[in-house]
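The values are calculated or read from the model by the stated rules, or taken from the named source; none is laboratory data. Remember, predicted model here, so these are calculated numbers, not experimental data. Please note: Cβ atoms are built from the backbone with ideal geometry, for glycine as well, and neighbour counts cover all protein chains shown. In case anyone asks, the SASA skips ligands and DNA or RNA and just uses the protein heavy atoms, side chains included. Shrake-Rupley method; radii C 1.70, N 1.55, O 1.52, S 1.80 Å.
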Amino acid sequence: MTTLLCTAAALTAAMIPASAHTGGTASARTLDPGDPVVVVDCFSQAQMRPEEYLLACGDGNNRLVGLRWDTWGPRTATATGTDMVNDCRPYCAAGRFRAYPVTVTLSNPEAWPEHPDLQRFTTIRLIYTDTAPAPVPKDVTYKLVY
């Protein structure tokens with residue numbers, strides 16, 4: 001399941017709302033607790049409350065879909081949805097995508113180096129509410145690296 005781990009690492013994809021975009025100029029202002037926190041996607045785009053989130057940026061073999069956000073706050077964001085994972089059997093190109101119900105929690109906001117005036121979530125936790133894709137545990141946390 002190396003694909004799943006790579007996917008999760010890629011999960012850091014950022015999604016910046018148009019209203020929060022700084023036009024590419026860095027600002028030294030102090031962040032306000034009311035400022036939006038974003039999640040960064042595989043394409044370095046900032047988003048808030050995305051309906052889908054690609055975990056496997058390299059090959060697309062793992063994607064969160066149907067995300068319904070219960071909360072989106074300054075410290076955490078939580079959603080329910082489905083993790084679509086390619087079983088890669090007998091190999092990924094011939095594999096089948098399987099659905100796994102999941103609860104998603106984004107946390108640990110930090111300044112986004114490319115846009116220091118924005119906070120981005122740096123951790124994603126997946127809790128599989130039924131079965132998890134082998135060999136992944138039912139409760140797994142990944143660092144978002146983008």
Looking only at the range 104-121, which residues have a backbone nitrogen under 16 Å from a spot 7 Å from the Cα of THR80 in the C-beta direction?
104-105
Determine the per residue accessible area of the range 67-146 with all protein chains present and a 1.4 angstrom probe, expressed in square angstrom.
51 Å²
Spin-label pair ILE127/GLU52, simplified geometry with 7 Å Cα→Cβ offset, distance in nm:
2.7 nm
Lys and Arg at +1, Asp and Glu at -1: add these up for the other residues within a Cβ distance under 14 Å of LEU54 and post the number.
-4
Value of relative contact order over the range 41-146, rounded to a whole percent, pairs C-alpha under 8 Å and six or more apart:
17 percent
Carbon plus sulfur fraction of accessible area for the range 41-84, probe 1.4 Å, in percent
48 percent
Where Lys and Arg each count +1 and Asp and Glu each count -1, what net charge lies around CYS92 among other residues with Cβ under 14 Å from its Cβ?
+2
Reported to two decimal places, what Rg/Rh ratio describes the range 74-125 when computed on Cα atoms with Rh from the Kirkwood expression?
1.20
Mind listing the long-range amide H neighbours of LEU118? Cut-off is under 5 Å, sequence gap 5 or more, other chains count too, H placed in the peptide plane at 1.01 Å from N.
TRP112
Does the range 35-88 come out rounded, prolate or oblate by the C-alpha gyration tensor, with a ≥ b ≥ c the root eigenvalues, rounded set by a/c under 1.5 and, if not, prolate when a/b is larger than b/c and oblate if not?
oblate
